[in-house]
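Novice: Shown below is the structure under consideration.
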Amino acid sequence: MTENSNTDKSRRQFLGSAAVAAGMAVAPGVILHQTASAKPADEAISSKVRWGMLIDTAKCANGCDACVSACDEEHNLGGGRSETDAQWIRKVELRDKQTGHSLTMPLLCQHCEFPPCVDVCPTGASFRREDGIVLVDKHICIGCRYCMMACPYKARSFIHEDLHDQKPYSPRGKGTVESCTFCVHRVDRDETPACVEACDAEGHNAMIFGDMNNPDSEISRQLASYSSSQIRGDLGLNTGVRYRGI
Amino acid sequence: MKQQIHYREIDGRSPGFFALLGLIGALILVGLGAAYYMEHNGHYVTGMTNQIVWGTPHVFAVFLIVAASGALNVASISSVFGKTAYKPLARLSGLLAIALLVGGLAVLVLDLGRPDRLIVAMTKYNFKSIFAWNIFLYTGFMVIVAVYMWFLMERKMNRFSKVGGLTAFIWRIMLTTGTGSIFGFLVARQAYDAALMAPMFVIMSFSYGLAIYLLVLMAAYKWTNRPLGDAIIFRLKNLLGVFIASVLYFVVVYHLTNLYMTEHHSYERFVLMDGGVYTQLFWVVQILLGSLLPLLLLYLPATGKSRTWIGISAALVIIGGMAQIYIIIIGGQAFPLVLFPGMEVSSSFYDGVVSHYAPSLPEILLGIGGTAIAAIIVLLGVRVLRFLPVSLEDKYTDPHHETTGTAAQASEATA
Ligand code: SF4
């Protein structure tokens, strides 16, 4: 399910761009910062690009969690109590109740085009970059957790305790909410997210990252030639993460 | 025969007054201490997790906020619907509304991950967020009710009280709708995906607000030894009965519509049958203790005329209401999100399982602290301003009350 009716779509597009505008308006500091430090000055973040990910569940190996460990390592996540630890990416096991067919796959922030977390955030801390990456501005987040209530994918985590040894490129803060950034610090250097790199290093190649707006990119070619789906496609969020084989 | 109503501040010199003040003050301090403890250590020390992100503080906060708009009802009935019997009760109604709202908001704010950023919340708005709208609805409510109170209390402004009352009434409906919509807009969650959520919150507010009003009224008159006639008590308790029944009706409709939609069956099963603590809270506390029992007590001749039983009924309504909000907020989160219909799901992040939550002491103390903030506002309010009529004997509140014996009997017979 990838298409909405036309009216619905245009309405959502309007609302979406309004939300982006709001995000831009309230989070200029962060955007400027990221632009300045991580991107060549002549290349602005623009909506010509839509970063996305394609996950092939057939290639995702049972029992492997290289992507999860890589993410924890990259952003120094983890702690000691799973109920309150941040998890930006997790492995989910599925079993069809009727047929018994089972599969496994990573689940992360789906970087929706119309993200509910951005809609509900009272301060605009939760925002969507023009290139499709959904982020939280840690300076504006008041820690109300409304975005966590709104996220259909349970992709967000609240920081429940003091943090130590933070990575300079991945700022986090006690009392605020965070989620997968698509490794925006890497993306802005034209690198792939840590999870994708780890999956490739294991030889599974289950994740493809790239620009969904560029017809020549690997991800676009794959999406065009094989069927894929969105999780909870019924919500019409136009996710940036797509799956094959579910 | 029209009686002039006199209002006066309470005395506030008795040991009882200071004892009450001290008790409430202590509860507030404990609540603030709990908030600091949570803030300092992070929410790690609470029962809240990444699965149950809103916990007991939110149950208290939502209950108080919902009750706040309901407490204003009594004033609305007098000003908007022109029922003179309620007129002497209007001032207290406004005070209670503001107090409950402040108490609820205090809990909400003190539970934020970064309460120090309140100023951010006040200056940066995302107008698509119902939360941001609510910030305006809440502050607006306080201002409007305060002005309305002034219209009521200042003789020169009395003539505007009807307009003030109407504005406050419309605003309060919007406010509760806004509060209900916080949940109604969460389309992804099985428990909340219902437009019925907003009107149900409005009805709930009627019931909770009136229950609190009744208790405060009876306590205030008892402790100050001011006369309080049966006429007004019976009126209010009959009204409470109607509200309890209306909430019950909405609850039934809500669950019936959910049962009609196959995709919501598992959530219904969870609440109504095998949700453990949530199922028990629903049947035992919300339905039995919080709805059916008070209905019975209020209408049975043996108990319906006793103030003690009326007070107990009101308290039961409050307890049942807390349970109802607990089920909505916490039960709604404990129930797993349905990401893959028809699939069994498991993960390291508690997908596909009912999440565990137990209220922690700091959360409860924070909630009680917020309630105490509401209480101190009422207590100091009636101490310094003229909120309470000196007497609420029947002749002031019963429009049919006549001084001559025969007429009184006649009105008794027709009543
Ligand atoms: S927790 Fe932060 S990012 Fe999420 S809705 Fe609240 S303010 Fe916005």
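The values are calculated or read from the model by the stated rules, or taken from the named source; none is laboratory data. Source: prediction; values computed, not measured. No Cβ is skipped: glycine too gets one built from the backbone with ideal geometry, and neighbour counts run over all protein chains shown.
Novice: Return the pair list, or none, for Cβ contacts closer than 8 Å from residues in the stretch B:41-61 that are facing another protein chain (nearest Cβ under 7 Å) to residues that are β-branched (Val, Ile, Thr) and surrounded by fewer than 22 Cβ atoms within 10 Å (Cβ to Cβ), at least 6 apart or on different chains.
Specialist: Partner pairs satisfying both residue conditions: B:HIS43/A:THR84; B:TYR44/A:THR84; B:THR49/A:THR84; B:ASN50/A:THR84.
Novice: Under 6 Å between Cβ atoms, at least 6 apart or on separate chains: pull out the pairs that start in the stretch A:125-145 with a residue that is within 24 Å of B:HIS58 (Cβ to Cβ) and among the small types (Gly, Ala, Ser) and end on any residue that is assigned to a strand (DSSP E or B) and within 9 Å of the ligand (Cβ to nearest atom).
Specialist: Qualifying pairs under 6 Å: A:ALA125/A:VAL136; A:SER126/A:VAL136.
Novice: Would you pick out the residues in the stretch A:145-159 that are within 6 Å of the ligand (Cβ to nearest atom) and out of contact with any strand residue (DSSP E or B) (no Cβ under 7 Å at 6 or more places or on another chain)? Lay out the reasoning, then the answer.
Specialist: So in the stretch A:145-159, the residues within 6 Å of the ligand (Cβ to nearest atom) come out as A:145-147.
Passing the criteria: only A:TYR146.
Novice: Hey, another quick one. Between a first residue in the stretch B:379-394 that is within 18 Å of B:LEU228 (Cα to Cα) and a second residue that is aromatic (Phe, Trp, Tyr), which pairs have beta carbons less than 6 Å apart while being 6 or more apart in sequence or on different chains?
Specialist: B:ARG386/B:TYR7; B:PRO389/B:TYR7
Novice: Return the residue satisfying two criteria in turn: it lies in the stretch B:123-141 and is in a loop (DSSP other than H, G, I, E, B) and within 13 Å of the ligand (Cβ to nearest atom), and of such residues it is farthest from the other protein chains (Cβ to nearest Cβ).
Specialist: Looking only at the stretch B:123-141, we keep the residues that are in a loop (DSSP other than H, G, I, E, B), and these are B:124-129.
Keeping just the survivors that are within 13 Å of the ligand (Cβ to nearest atom) gives B:124-126, B:128-129.
Values: B:LYS124: 5, B:TYR125: 7, B:ASN126: 4, B:LYS128: 5, B:SER129: 5 Å.
The qualifying residue farthest from the other protein chains (Cβ to nearest Cβ) is B:TYR125.
Residues checked against (1) more than 14 Å from every other protein chain (Cβ to nearest Cβ); (2) at pLDDT 95 or above:
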| position | (1), (2) |
| --- | --- |
| A:LYS167 | yes, no |
| A:PHE182 | yes, yes |
| A:ARG186 | yes, yes |
| A:GLY203 | yes, yes |
| A:ARG221 | yes, yes |
| A:THR239 | no, yes |
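Novice: Also: If I filter the stretch B:368-387 for residues that are of a type outside the set (Val, Ile, Thr), in contact with a His (Cβ under 9 Å, 6 or more places away or on another chain) and farther than 29 Å from A:GLN98 by Cβ, do I get at least one hit?
Specialist: So in the stretch B:368-387, the residues of a type outside the set (Val, Ile, Thr) come out as B:369-370, B:372, B:374-375, B:379-381, B:383, B:385-387.
Cutting the leftovers down to in contact with a His (Cβ under 9 Å, 6 or more places away or on another chain) gives us B:386.
Among the residues that remain, those that are also farther than 29 Å from A:GLN98 by Cβ are: B:386.
Yes: one or more hits.
Novice: Give the residues of the stretch B:381-390 that are closer than 10 Å to B:LEU95 by Cβ and in a helix (DSSP H, G or I), sorted by residue number.
Specialist: B:GLY381, B:VAL382
Novice: Return yes or no: is B:ALA220 part of a helix (DSSP H, G or I) and modelled with pLDDT of 90 or more?
Specialist: On the way: part of a helix (DSSP H, G or I): yes; modelled with pLDDT of 90 or more: yes.
Judged against the criteria, B:ALA220 is a match.
Novice: Looking only at the stretch A:112-144, count every residue that is buried (at least 24 other Cβ atoms within 10 Å of the Cβ), more than 9 Å from the ligand (Cβ to nearest atom) and closer than 25 Å to B:ILE330 by Cα and tell me the total.
Specialist: Number of matching residues: 1.
Novice: How many residues does the stretch A:128-152 hold that are touching a Leu at 6+ places or on another chain (Cβ under 7 Å) and more than 9 Å from chain B (Cβ to nearest Cβ)?
Specialist: Narrowing the stretch A:128-152 to residues touching a Leu at 6+ places or on another chain (Cβ under 7 Å): A:129, A:142-144, A:149-150, A:152.
Now narrow it down to the ones that are more than 9 Å from chain B (Cβ to nearest Cβ): A:129.
Residues that pass the stated criteria total 1.
Novice: Still on this structure, please answer the following. Could you please let me know if A:ASP162 is away from the ligand (no atom under 11 Å from the Cβ), within 13 Å of chain B (Cβ to nearest Cβ) and free of Cβ contacts under 8 Å to residues at least 24 places away in the same chain? Write out each step before concluding.
Specialist: Numbers: away from the ligand (no atom under 11 Å from the Cβ): yes; within 13 Å of chain B (Cβ to nearest Cβ): yes; free of Cβ contacts under 8 Å to residues at least 24 places away in the same chain: yes.
Yes, satisfied.
Novice: Same structure again: From the set of residues in the stretch A:75-96 that are under 15 Å from the mean Cα position of the chain (by Cα) and either over 21 Å from A:LYS174 (Cα atoms) or not in a loop (DSSP other than H, G, I, E, B) (or both), which is nearest to the other protein chains (Cβ to nearest Cβ)?
Specialist: Step by step, filter the stretch A:75-96, then rank; the result is A:ARG90.
Novice: Let me ask you something else. Look at the stretch A:97-124 and say how many of its residues are polar (S, T, N, Q) and at the interface with chain B (Cβ under 9 Å from one of its Cβ atoms).
Specialist: To start, the set of residues in the stretch A:97-124 that are polar (S, T, N, Q) comprises A:98-99, A:102, A:104, A:110, A:123.
Still in the running and at the interface with chain B (Cβ under 9 Å from one of its Cβ atoms): A:98, A:102, A:123.
Number of matching residues: 3.
Novice: Here is a check on your reading of the model: is A:ALA194 more than 16 Å from the ligand (Cβ to nearest atom), touching a residue at least 40 places away in the same chain (Cβ under 8 Å), over 19 Å from A:SER47 (Cα atoms) and under 16 Å from the mean Cα position of the chain (by Cα)? Lay out the reasoning, then the answer.
Specialist: Values: more than 16 Å from the ligand (Cβ to nearest atom): yes; touching a residue at least 40 places away in the same chain (Cβ under 8 Å): yes; over 19 Å from A:SER47 (Cα atoms): yes; under 16 Å from the mean Cα position of the chain (by Cα): yes.
In short, yes.
Novice: Looking only at the stretch B:88-115, filter to residues that are within 14 Å of chain A (Cβ to nearest Cβ) and among the hydrophobic types (A, V, I, L, M, F, W, C); which one of those is nearest to A:GLY143 (Cα to Cα)?
Specialist: First, the residues of the stretch B:88-115 that are within 14 Å of chain A (Cβ to nearest Cβ): B:105, B:107-115.
Then drop every residue that is not among the hydrophobic types (A, V, I, L, M, F, W, C), which leaves B:105, B:107-110, B:112.
Values: B:LEU105: 15, B:VAL107: 14, B:LEU108: 11, B:VAL109: 10, B:LEU110: 11, B:LEU112: 5 Å.
Per the criteria, the residue is B:LEU112.
Novice: Applying the selection to the stretch B:340-355, what residues are assigned to a loop (DSSP other than H, G, I, E, B), without any contact (Cβ under 8 Å) to a residue 24 or more places away in the chain and farther than 14 Å from A:LYS97 by Cα?
Specialist: If we filter the stretch B:340-355 for residues that are assigned to a loop (DSSP other than H, G, I, E, B), which is where we start, we get B:340-342, B:348-355.
In the following step, the residues that additionally are without any contact (Cβ under 8 Å) to a residue 24 or more places away in the chain were identified as B:340, B:342, B:348, B:351-353.
Scanning the stretch B:340-355 gives B:SER348, B:ASP351, B:VAL353.
Novice: When you scan the stretch B:285-305, do you find a residue that is basic (Lys, Arg), assigned to a helix (DSSP H, G or I) and farther than 24 Å from B:LEU196 by Cβ, even just one? Break it down stepwise before answering.
Specialist: Of the residues in the stretch B:285-305, the ones basic (Lys, Arg) are B:305.
Narrowing the set further to residues that are assigned to a helix (DSSP H, G or I) leaves none.
No, the stretch B:285-305 contains no residue that is basic (Lys, Arg), assigned to a helix (DSSP H, G or I) and farther than 24 Å from B:LEU196 by Cβ.
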